C-alpha cells in the first residue's frame, strides 16, 4: 500500500466523476421525479401506480416470474454444479466454458431462437403433436410460459457458474464424511452443502433475479402486450404516452427490488445455517 | 494491450465521432414515419427526392404513438422536420404545440388534392396524403368472414391477433365492434366489454403492423384487424388470405403530413411535402400498392385500384371517427381497455 | 444412481442452453423462403445474403465503433481507479467503489431513459455521443472489477522494488504493473466489448434517426422478416462472440475473470 492519499484520489476521481455525473445524476433525477408532483413532494405517484389494476398485475407478474426463474435455476444449478464439480478438473474447465459460451451470445439471437422453437409450426409443437400429446399445436408464444423459458435460458448460466465456484471451494471430504455418518442426501444438502455454498447462492440468486426482473428483450419479444413485465410496461408508458411519472415509479421499484433481493437471500440462507 | 494501444483506440474513436459529426453537417431532412413499406418508399419517394434536392432523407420510424412521444420529449430541440401521422395524432400534436401550420400557398400540388384531404384537422396543421380502409384480414381456407361479429367465431379462438389500443388501429377496432353490437355510448363500453370477454382467446395485441406477417406465416393467427396499407405485405405471403367486406361496412383513417415546430429545414420540408403530393410520386407509390393516392389526378389501372382504397367516393363510404372525437374519448377508451382488457 | 441423474440434468441443461443455437444455425441453412426447422433443402444463400443488407452493415459498423470506443474509454477511466483502490488508501474508498460499480444495479433501460431525459436532451448531445456515454458507464464496472482481480494477483512489492531501484511511480506503473496485468486488461476489454455490442435496453432510448445499433435493428427486423436471414445473422454473430471468447479463453483464461 502506498500512503499518498491524494494520488489515489486523483487516480480514482475520473471514473467516479464520470459515473457520478453521466450516470448516477440523471438516474437520481429520474428517481426523484417519482416523489415529485407539481404541488411538491408526494407519494401520490406511487399510490396511483399501485391502485391501478394493470400496474399491480404487471408488478406481481414480474415478481412471480423473477422468483420462479430464480428457484428453478437454483434447483437445476445445484444438480448441474454438483455434477460438474464431481468430474475431473479438465472436464470441469470445459463444462465451465460451455456455460460461459451462451452468456456471450447476443440476447436478441437467444430470444429469436425461441420464436422459432415455440411457434405453432416450431419444433416443440411438432413434437407435441407428433407424440400425440395434443391434437393441435399449442399456443406457446405470447404466454407467460414462453417468457419463463426465455428468461431461464438467459440466466441459468449465471447460477450454474456461481454455484460451481462455490462448490469448488467446498473441502473435498465433507460430503463423503457426512455419508459415512449416515446422512441422507437431503440432509447433506440442507445441513452441509447449502450452508457452505451460501455465498455462491447469494451471488447467483441476485444475478438471476435482477436479471429476470429487468430483462427487456425476452418479455418484449416472447410476451408482447398481453404479458407485460415492469420493464416492458416502462418502455410502453414512455414510448407511447411520454409518461415519465409512471416510468420513474417503475424505475424506483426495479432498483429497490434488486437491492432488496440481495439482502433477502443473504438473510434466508443465513437463517438456515443458524437452524 | 499497452497503454499506447488504448490511447490509440480512444483517439480513433474520437476521430470517428468527429467524422460522424461532419456527415451530419450535410443538408439532411429527418422524416418521422410509420415503419411499413419503407424499402418501397425509398425507391418511389426518398431516392427521387434526394436526387432533386441534393440532400439526404433520414428516417425515424415507429408507430404513431411512439413518434409522437418522441416529438414531445424533444420539443425544445426537435430532431425531426416532417412528421407523418394519423389525422388524430396530428391534431393531438397541434394541440400540444409540436407542429406548425402549413402555408399551403407554398405547395403547388396542394390544389390537386381531394377536398377531404386538404385540411382534415383544421388550420392547415396537416395535409392528407393518403387514406385507407381498415377491415378483417383472414385465412379463407380456415374461416369465412362476413361480419365484424365473426371476430369471436369459435374458429378463431386462440388464432386471432388484434391491434393494441395504443396503435392507430386500436380505436378503430373498438369502434367497429361497438357498432356491430349496437353499442351507443361514445366510450365504446359495449365494444370494450366484448373484447374483454374474449381476451383469453386472443393470441396477442399487436403494437406494430409489421408483426402480422410473421404471425400469419408462423400460423399463430388465422385472422386480424388491420389497415389496407398492410395488405400488400400480407398478400405477398402467398397464403390463402382474404380481405373481408363485412356487412357492417369498413372503417378507416386518413394520414397526414405535418411540419415539426422548430424544424431547422423548413424550406426542405415544404419541398418534400410538395414532392410527396405530386401526381408522379403518388402514382409510383400507388402502383407499388404502398398507399392509395389523395391526389385526384392520379389515374390507376383497375387491378391496382382494386388493391387500394381508391377514389374519393370510396373514402367517403368508410365509417370513420372524426379526429376531435378520437381525442375527446380516447382517455375513456384507454381506461376501459387498461382496466378490463390489458390486465 | 445419483451420479447418473446429476449428469443427465447437466446434459439437459446444456441442451437447453445451446440447443436453440443449433436450431437457428440449421434454420439459416434452409434453401426455402420461410424460417423452419428442419430446413427445406440446403443452401448458404441466407448466410451470404446477410452481408448484402445495407442497414445491417451500417448498424454493424456502428455497433463495432461504439463497442470499441466505449470499452476503451471505460478502461481509461477504470484502470487508474482499480489501481488506486488496490494500491492506495483512498479516502472514502468503499464509497468510490460503490459509485463506480453502481451501474450494474441500475436496470439498463432506466439508465437509457434517464440519460436521454436529463443529459442528452438538455445538453443537445448528438445521438452517437449519447450512446458512448451510456455504454461507457455500463462497461466501467466490468473494467474496474476485472482489473482489480488481476491486480490482486500481482504482489505490490514488485513495484516497490522497482521504485527502490529508482523508477518513478508512473514509470513503475507502465513498466512493471501494466505488463503484468495485461491479460486482465484484455479480458476486461473483451467482456466490455461483448457487453456493449450485445446491449439493447440502454440503446433503446438513445438511438435516433439514422443512428441505430445492430441488436436494435435486429429486434425491429424480427417483426418484418420471417425468412431465414435473421437466423443466419444471429448465427454469424453468435459465432463471432464464441470465437472471440474461445480465443480469449485459450490465451487469457477469460473465465477466471467472469
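The values are calculated or read from the model by the stated rules, or taken from the named source; none is laboratory data. Quick caveat, the model's predicted, so the values are computed rather than measured. Don't worry about glycine lacking a Cβ; one is built from the backbone with ideal geometry, like all the others, and counts go over all protein chains shown.
Looking at (1) touching a residue at least 40 places away in the same chain (Cβ under 8 Å); (2) more than 11 Å from chain A (Cβ to nearest Cβ), find the lone condition where residue C:164 falls short.
Only one criterion in (1) touching a residue at least 40 places away in the same chain (Cβ under 8 Å); (2) more than 11 Å from chain A (Cβ to nearest Cβ) is unmet by residue C:164, namely (1).
Specify which of the listed residues (C:149, C:139, C:68) is surrounded by fewer than 21 Cβ atoms within 10 Å (Cβ to Cβ), more than 9 Å from every other protein chain (Cβ to nearest Cβ) and closer than 30 Å to residue C:177 by Cα.
Going through C:149, C:139, C:68 in turn, just one is surrounded by fewer than 21 Cβ atoms within 10 Å (Cβ to Cβ), more than 9 Å from every other protein chain (Cβ to nearest Cβ) and closer than 30 Å to residue C:177 by Cα: C:149.
Are any of the residues in segment B:62-75 surrounded by 18 or more Cβ atoms within 10 Å (Cβ to Cβ) and at pLDDT 90 or above?
no
Examine segment C:180-197 for a residue that is away from chain B (no Cβ under 11 Å), free of Cβ contacts under 8 Å to residues at least 24 places away in the same chain and part of a helix (DSSP H, G or I), and state whether such a residue exists.
No - not one qualifying residue is present in segment C:180-197.
Taking segment B:22-47 as the region of interest, how many residues are modelled with pLDDT under 55, closer than 20 Å to residue B:263 by Cβ and part of a helix (DSSP H, G or I)?
Here the count works out to 2.
Count, please, the residues in segment B:308-341 that happen to be out of contact with any strand residue (DSSP E or B) (no Cβ under 7 Å at 6 or more places or on another chain) and not in a helix (DSSP H, G or I). Steps first, answer last, please.
The first filter runs over segment B:308-341 and keeps only residues out of contact with any strand residue (DSSP E or B) (no Cβ under 7 Å at 6 or more places or on another chain), leaving B:308, B:310-314, B:316-317, B:321-341.
This time we only want the ones that are not in a helix (DSSP H, G or I), so: B:308, B:310-311, B:321-322.
Final tally of qualifying residues: 5.
If a residue must be at the interface with another protein chain (Cβ under 7 Å from one of its Cβ atoms) and touching a residue at least 12 places away in the same chain (Cβ under 8 Å), how many such residues does segment A:75-98 contain?
Selection size over segment A:75-98: 5.
In segment C:4-43, which residues are touching a helix residue (DSSP H, G or I) at 6+ places or on another chain (Cβ under 9 Å) and assigned to a loop (DSSP other than H, G, I, E, B)?
Result: C:28, C:29, C:30, C:31, C:34, C:35, C:36, C:37, C:38, C:39.
Residue-wise test of (1) modelled with pLDDT of 85 or more; (2) surrounded by fewer than 21 Cβ atoms within 10 Å (Cβ to Cβ); (3) over 26 Å from residue A:64 (Cα atoms).
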{"site": "A:163", "(1), (2), (3)": "yes, no, no"}
{"site": "A:166", "(1), (2), (3)": "yes, no, yes"}
{"site": "A:197", "(1), (2), (3)": "yes, no, no"}
{"site": "A:220", "(1), (2), (3)": "yes, no, no"}
{"site": "A:235", "(1), (2), (3)": "yes, no, no"}
{"site": "A:241", "(1), (2), (3)": "no, yes, yes"}
{"site": "A:248", "(1), (2), (3)": "yes, no, no"}
{"site": "A:271", "(1), (2), (3)": "no, yes, no"}
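Out of segment B:128-173, which residues are more than 16 Å from residue B:320 (Cα to Cα), part of a helix (DSSP H, G or I) and in contact with a strand residue (DSSP E or B) (Cβ under 6 Å, 6 or more places away or on another chain)?
If the condition is that a residue be more than 16 Å from residue B:320 (Cα to Cα), part of a helix (DSSP H, G or I) and in contact with a strand residue (DSSP E or B) (Cβ under 6 Å, 6 or more places away or on another chain), then B:156 is the only one that fits.
Using the structure shown, decide if residue B:182 is touching a helix residue (DSSP H, G or I) at 6+ places or on another chain (Cβ under 8 Å), surrounded by fewer than 20 Cβ atoms within 10 Å (Cβ to Cβ) and either at pLDDT 95 or above or over 25 Å from residue A:140 (Cα atoms) (or both).
Criteria met by residue B:182.
How about segment A:111-163: which of its residues are touching a strand residue (DSSP E or B) at 6+ places or on another chain (Cβ under 8 Å) and touching a residue at least 24 places away in the same chain (Cβ under 8 Å)?
Matches in segment A:111-163: A:141, A:142.
Quick one: residue C:101 ticks every box in (1) in a helix (DSSP H, G or I); (2) free of Cβ contacts under 8 Å to residues at least 60 places away in the same chain; (3) more than 12 Å from chain A (Cβ to nearest Cβ) bar one, so which box is it?
All conditions pass for residue C:101, except number (3).
Looking at segment B:245-307, what helices (runs of 4 or more DSSP H) fall wholly within it and have at least 3 residues that are in contact (Cβ under 8 Å) with a residue 40 or more places away in the chain and buried (at least 18 other Cβ atoms within 10 Å of the Cβ)?
B:266-277, B:279-287
From the residues in segment C:33-65 that are farther than 26 Å from residue C:192 by Cβ and facing another protein chain (nearest Cβ under 8 Å), which one is surrounded by the fewest Cβ atoms within 10 Å (Cβ to Cβ)?
C:34
Can you pull out the residues in segment B:191-222 that are under 13 Å from residue B:163 (Cβ atoms), touching a strand residue (DSSP E or B) at 6+ places or on another chain (Cβ under 9 Å) and not in a helix (DSSP H, G or I)?
Within segment B:191-222, B:202, B:203, B:204, B:205, B:206, B:207, B:209, B:221 qualify.
Return the only residue of B:79, B:92, B:50 being out of contact with any strand residue (DSSP E or B) (no Cβ under 8 Å at 6 or more places or on another chain) and either farther than 17 Å from residue C:212 by Cα or part of a loop (DSSP other than H, G, I, E, B) (or both).
B:92
Could you please let me know if residue B:100 is over 24 Å from residue B:315 (Cα atoms) and in contact (Cβ under 8 Å) with a residue 24 or more places away in the chain?
On the way: over 24 Å from residue B:315 (Cα atoms): yes; in contact (Cβ under 8 Å) with a residue 24 or more places away in the chain: yes.
Considered against the rule, which asks whether it is over 24 Å from residue B:315 (Cα atoms) and in contact (Cβ under 8 Å) with a residue 24 or more places away in the chain, residue B:100 comes out as yes.
Does residue B:225 fit the bill of being crowded, with 18+ Cβ neighbours inside 10 Å, away from chain A (no Cβ under 14 Å) and at pLDDT below 90?
In short, no.
So which residues in segment C:77-92 are more than 8 Å from chain A (Cβ to nearest Cβ) and in a helix (DSSP H, G or I)?
Hits for segment C:77-92 are C:79, C:82, C:86.
Give the residue, chosen from B:66, B:119, B:81, that is under 20 Å from the mean Cα position of the chain (by Cα), within 14 Å of another protein chain (Cβ to nearest Cβ) and over 19 Å from residue B:171 (Cβ atoms).
Answer to the check: B:81.
If you check residue B:242 against the conditions, is it surrounded by fewer than 20 Cβ atoms within 10 Å (Cβ to Cβ), touching a strand residue (DSSP E or B) at 6+ places or on another chain (Cβ under 8 Å), in the same structural domain as residue B:174 (by TED's automatic domain parsing) and touching a residue at least 60 places away in the same chain (Cβ under 8 Å)? Spell out the reasoning first.
On the way: surrounded by fewer than 20 Cβ atoms within 10 Å (Cβ to Cβ): yes; touching a strand residue (DSSP E or B) at 6+ places or on another chain (Cβ under 8 Å): yes; in the same structural domain as residue B:174 (by TED's automatic domain parsing): yes; touching a residue at least 60 places away in the same chain (Cβ under 8 Å): yes.
Answer is yes for this residue.
Go through segment A:1-58 and tell me which helices (runs of 4 or more DSSP H), entirely inside it, have 2 or more residues that are at the interface with chain C (Cβ under 9 Å from one of its Cβ atoms) and buried (at least 17 other Cβ atoms within 10 Å of the Cβ). Steps first, answer last, please.
Details: elements: A:5-19, A:25-33, A:44-51.
Output list reads A:5-19, A:25-33.
Give segment A:116-128 a look and list any residue that's at the interface with chain C (Cβ under 7 Å from one of its Cβ atoms) and either surrounded by 23 or more Cβ atoms within 10 Å (Cβ to Cβ) or under 16 Å from residue A:147 (Cα atoms) (or both), or say none.
If the condition is that a residue be at the interface with chain C (Cβ under 7 Å from one of its Cβ atoms) and either surrounded by 23 or more Cβ atoms within 10 Å (Cβ to Cβ) or under 16 Å from residue A:147 (Cα atoms) (or both), then A:116, A:117 are the ones that fit.
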